[in-house]
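Report on the structure given below.
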Amino acid sequence: MPLQFAAAWISTWLARHQQRTIAYLRVENQVLREKLGGRVRLTDAERRRLAKLGHELGRKALREVSSIASPDTILRWYRELVAKKYDGSRRRGPGRPRKPAEIVRLLVKMAEENPRWGYTRLRGALKNVGYELGRNSIKRILKEQGIEPAPVRGKRVSWATFIKAHLGAIVGADFFTVEVVSMVGLIRYHVFFLIDIATRKVEIGGISCGPDGSWMNQIARNLLDADDGFLLGKRYLLLDRDPLYTKEFRSAIERGGVGVVRLPPRSPNLNAYAERFVLSIKRECLDRIVPLGERHLQLAVSEFVAHYHRERNHQGLENRLIEVSQPANTNGRIVRRERLGGLLNYYDRAAA
């Protein structure tokens, strides 16, 4: 019994002594902080030491003794210390590597050129050329590129796809105007032409200063001539909304077995091949001369069309000529062929 009493008295004395020590240290810390002024900045090592000891004391005891930081801050330091111990991000690699740009470009090209192909079909097409790609990867890449799934893409046919699918059967038609000098002043002439989309061959349908419905009907008969009509064997004729394409003109074309496709208003890009020809003939020829009468205009246009077919290389045809009259001569002397007084030039080899 005396031993138990002595042990209890010693424990009480130690607890009181510990409390006095803690109270002294708290006051000392407060005085030091006031002397130092402002916030005490700790190193990472000091935070780790405080975090370990603070976790052992617990939140209640920390409230009584902590003066440098709040109990929540010290416990947060401890949680970060534990999380850092088990953080394996530094040992991890960069993750799954992204697909090479070459595969992505090929996949996008296949999806755009084949709007009805789904992810599985595209995966098979890539496998045929030696690329192994997962279905989900294909789905993710197409989504990143803004390409919709096949059920949505398959319902839409772009104008470019329609043109390519019917290249050999489509002819574009258009007008352009030229101001011609005459005895009574400037007269505006209308030049009607057609262009074969596949071959880029051009046919001048007519030139007139006063085109009307009867003039257009005669042109329709010429284009559908059984011997040399420009529309023989064609399926579609692209027309804009020009009022000169009268109902009678369109009906005559359709009776000849050629469908008329009327383009939406203000959409020159849908007849881009014809628009490009207008740009070429004006920039390379008509904008560089002063047409002196109708005959002079007809001569300039016919000379440019001949140059356009036989002497002018076309980027859209892999930089080739539309018409090649004879095999290239590699031995003769190089000479310049000219039209319209040198306005249009072509270089060739003279006959050996």
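Restricting Leu142, Leu106 to residues that are surrounded by 12 or more Cβ atoms within 10 Å (Cβ to Cβ), modelled with pLDDT under 85 and not assigned by TED's automatic domain parsing to the domain that holds Val260 narrows the list to Leu142. Of the numbered criteria (1) β-branched (Val, Ile, Thr); (2) surrounded by fewer than 12 Cβ atoms within 10 Å (Cβ to Cβ); (3) under 18 Å from Val305 (Cα atoms), the one Val184 fails is (3). Residues of segment 219-232 that are without any contact (Cβ under 8 Å) to a residue 24 or more places away in the chain and surrounded by fewer than 14 Cβ atoms within 10 Å (Cβ to Cβ): Asp225, Ala226, Asp227, Asp228.
Can Ala198 be described as modelled with pLDDT of 75 or more, touching a Lys or Arg at 6+ places or on another chain (Cβ under 6 Å) and over 23 Å from Asp287 (Cβ atoms)? Taking the combined requirement at face value, the residue does not satisfy it. Before we move on, is Ala169 out of contact with any Cys (no Cβ under 6 Å at 6 or more places or on another chain), surrounded by 20 or more Cβ atoms within 10 Å (Cβ to Cβ) and touching a residue at least 12 places away in the same chain (Cβ under 8 Å)? Spelling it out, it is not the case that Ala169 is out of contact with any Cys (no Cβ under 6 Å at 6 or more places or on another chain), surrounded by 20 or more Cβ atoms within 10 Å (Cβ to Cβ) and touching a residue at least 12 places away in the same chain (Cβ under 8 Å). Taken as a whole, the structure leaves Gly210 outside the set of residues that are modelled with pLDDT under 95, farther than 30 Å from Leu186 by Cβ and part of a loop (DSSP other than H, G, I, E, B). Of all the residues in segment 271-319, those that are outside any helix (DSSP H, G or I) and within 28 Å of the chain's Cα centre (by Cα) number 3. Look at Ala198 and say whether it is surrounded by 15 or more Cβ atoms within 10 Å (Cβ to Cβ), of a type in the set (Gly, Ala, Ser) and within 38 Å of the chain's Cα centre (by Cα). Answer is yes for this residue. Arg241 meets all of the listed conditions (1) outside any helix (DSSP H, G or I); (2) crowded, with 16+ Cβ neighbours inside 10 Å; (3) of a type in the set (Lys, Arg) but one, namely (2). Residues in segment 244-266 that are in a helix (DSSP H, G or I) and either of a type in the set (Val, Ile, Thr) or surrounded by fewer than 16 Cβ atoms within 10 Å (Cβ to Cβ) (or both): Lys247, Glu248, Ser251, Ile253, Glu254, Arg255.
The values are calculated or read from the model by the stated rules, or taken from the named source; none is laboratory data. Note that the coordinates shown come from a computational prediction; the quantities given were computed from them, not determined experimentally. Counting neighbours? That spans all protein chains shown, and the Cβs are built from the backbone with ideal geometry, glycine included.
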